[in-house]
Amino acid sequence: MHKKLFIPGPTEVRDEILQAMATPMIGHRSTAYADLHKSVEEKLKVLLNTEGRVLLFTSSSTGVMEGAVRNCVGKKVLHTLNGEFSRRWHAISEANGLATGTIEVEPGQAITPELVDAALAKGGFDTVCLTYNETSTGILSPVPEVARMVREKYPDVLILVDAVSCMAGVEIKNDEWGLDVCLAGVQKCFALPPGLTVATVSARAMERARSIPHRGYYFDFIENEKYAVKYNTPATPGISHLFALDKQLDDMFAEGLDNRYARHLAMAEHVRNWGRRRFELFGDEKYLSPTVSHITNTTGFDFKALNKELGNRGAQISDGYGPFKGKTFRIGHMGDLTVADVTWLTGMIDEILKL
Ligand SMILES: *Cc1c(COP(=O)(O)O)cnc(C)c1O
């Protein structure tokens with residue numbers, strides 16, 4: 001039996017999207033491909049509220065996280081750590097031999113403008129990396145406020161944002177907020193199969209990239225831009241993903257973006273209220289994520305046994321990530337899931353655990 005995915009990625013994919021993936025193949029140097037690429041980019045610009053470039057990379061998000069720091073960090077990058085994915089970005093910069101600095105808060109806490117300001121004030125940084133939605137802890141940091149502070153006080157610092165688990169689930173005003181790179185793989189709130197990552201790249205970020213001699217090859221923003229102006233990519237793109245993304249963006253606009261964001265919040269509210277009644281929510285209540293809920297296993301139930309029984313009934317949720325394995329659990333409510341879906345899920349958990 002297929003298990004409906006209530007995990008924070010990959011998320012449940014609708015049949016219509018799987019069908020779109022099965023569109024007969026076209027060559028990537030054809031006009032048909034350029035039309036498709038253009039259509040996807042134009043729609044992404046609407047979604048992300050940007051007039052700038054949106055690059056398409058055939059890769060999971062981690063590849064573009066690496067590309068972003070390689071293209072943008074000239075002097076030193078500030079990593080803002082509040083969980084496993086923000087840590088991963090720092091590890092990537094270290095692996096590339098970049099000069100890094102960090103600020104760190106406890107898992108479950110958000111990265112605030114005050115924290116980032118205090119770190120940048122020390123000087124020497126030309127880039128800051130932010131994880132909008134820390135999927136490992138279910139915390140949505142106040143990126144618009146952090147970005148506003150950086151743009152006002154540190155005009156030369158580039159802002160790179162990992163929006164992997166919230167893009168298309170919460171509103172992103174890329175240009176108004178002054179983001180330089182905002183990236184996300186499509187297997188989370190876009191609800192496509194994994195394999196494609198989209199990224200805004202500002203003119204400022206392109207200019208920085210031009211000053212950096214070794215940007216790597218596959219994710220070189222300058223080389224990708226050369227092709228993007230012709231609605232193409234340097235290497236063969238995941239064309240099937242573009243067919244599916246083009247359709248999914250149409251479907252998102254048909255639903256209405258505001259309705260889509262409201263639906264994510266409504267699902268979150270259902271899961272949070274249930275989580276508070278039955279267990280305890282993990283993390284700072286002020287910054288709870290609209291796309292994934294992180295719940296402390298206060299009753300000490302056997303997570304594996306629960307997920308196995310959920311599997312028998314056609315659903316799957318996630319264990320705590322990294323150090324939280326067995327101590328917490330996570331429910332993803334992103335993509336095309338509905339309030340009826342999460343209500344079905346929490347009802348089954350109640351039944352199984354006899355809550
Ligand atoms: C899932 C996730 C990633 C990693 O994405 P991949 O597509 O698996 O490389 C990075 N950051 C965040 C916040 C995520 O949720």
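Within the stretch 115-147, track down each residue that is assigned to a helix (DSSP H, G or I), of a type outside the set (Asp, Glu) and either within 16 Å of the ligand (Cβ to nearest atom) or under 17 Å from VAL181 (Cα atoms) (or both).
Residues satisfying the conditions are VAL143, PRO144, VAL146, ALA147.
Have a look at ASP250, ASP246, ASP258 and point out the one that is touching a Ser or Thr at 6+ places or on another chain (Cβ under 8 Å) and either outside any helix (DSSP H, G or I) or not aliphatic (A, V, I, L, M) (or both).
ASP246 is the lone residue from the list that is touching a Ser or Thr at 6+ places or on another chain (Cβ under 8 Å) and either outside any helix (DSSP H, G or I) or not aliphatic (A, V, I, L, M) (or both).
Pairs linking a residue in the stretch 154-181 that is free of Cβ contacts under 8 Å to residues at least 60 places away in the same chain to a residue that is assigned to a loop (DSSP other than H, G, I, E, B) and within 11 Å of the ligand (Cβ to nearest atom), with Cβ atoms under 8 Å and 6 or more positions apart or on different chains, are VAL161/TYR132; ALA163/TYR132.
Put simply, of THR58, THR80, THR11 the only residue that is closer than 30 Å to ILE317 by Cα, touching a Lys or Arg at 6+ places or on another chain (Cβ under 9 Å) and touching a residue at least 24 places away in the same chain (Cβ under 8 Å) is THR11. Being part of a loop (DSSP other than H, G, I, E, B) and free of Cβ contacts under 8 Å to residues at least 12 places away in the same chain holds for only one residue in GLY283, GLY347, GLY300, GLY335, and it is GLY300. Restricting attention to the stretch 53-67, the residues being farther than 20 Å from ARG87 by Cα and either assigned to a strand (DSSP E or B) or within 11 Å of the chain's Cα centre (by Cα) (or both) number 5.
Only one of VAL164, VAL150, VAL170 is within 15 Å of CYS72 (Cβ to Cβ) and either hydrophobic (A, V, I, L, M, F, W, C) or within 16 Å of the ligand (Cβ to nearest atom) (or both); which?
On inspection, the qualifying residue turns out to be VAL150.
In the stretch 30-44, the count of residues that are small (Gly, Ala, Ser) and within 16 Å of the ligand (Cβ to nearest atom) is zero.
The residue list MET65, MET1, MET21 contains one member that is surrounded by fewer than 17 Cβ atoms within 10 Å (Cβ to Cβ), among the hydrophobic types (A, V, I, L, M, F, W, C) and either touching a residue at least 40 places away in the same chain (Cβ under 8 Å) or under 30 Å from GLY314 (Cα atoms) (or both), which is MET1.
Coordinate-derived values only; no laboratory data. Everything quoted here is computed from the prediction, not taken from an experiment. We place every Cβ from the backbone using ideal geometry, glycine too, and count neighbours over all the protein chains shown.
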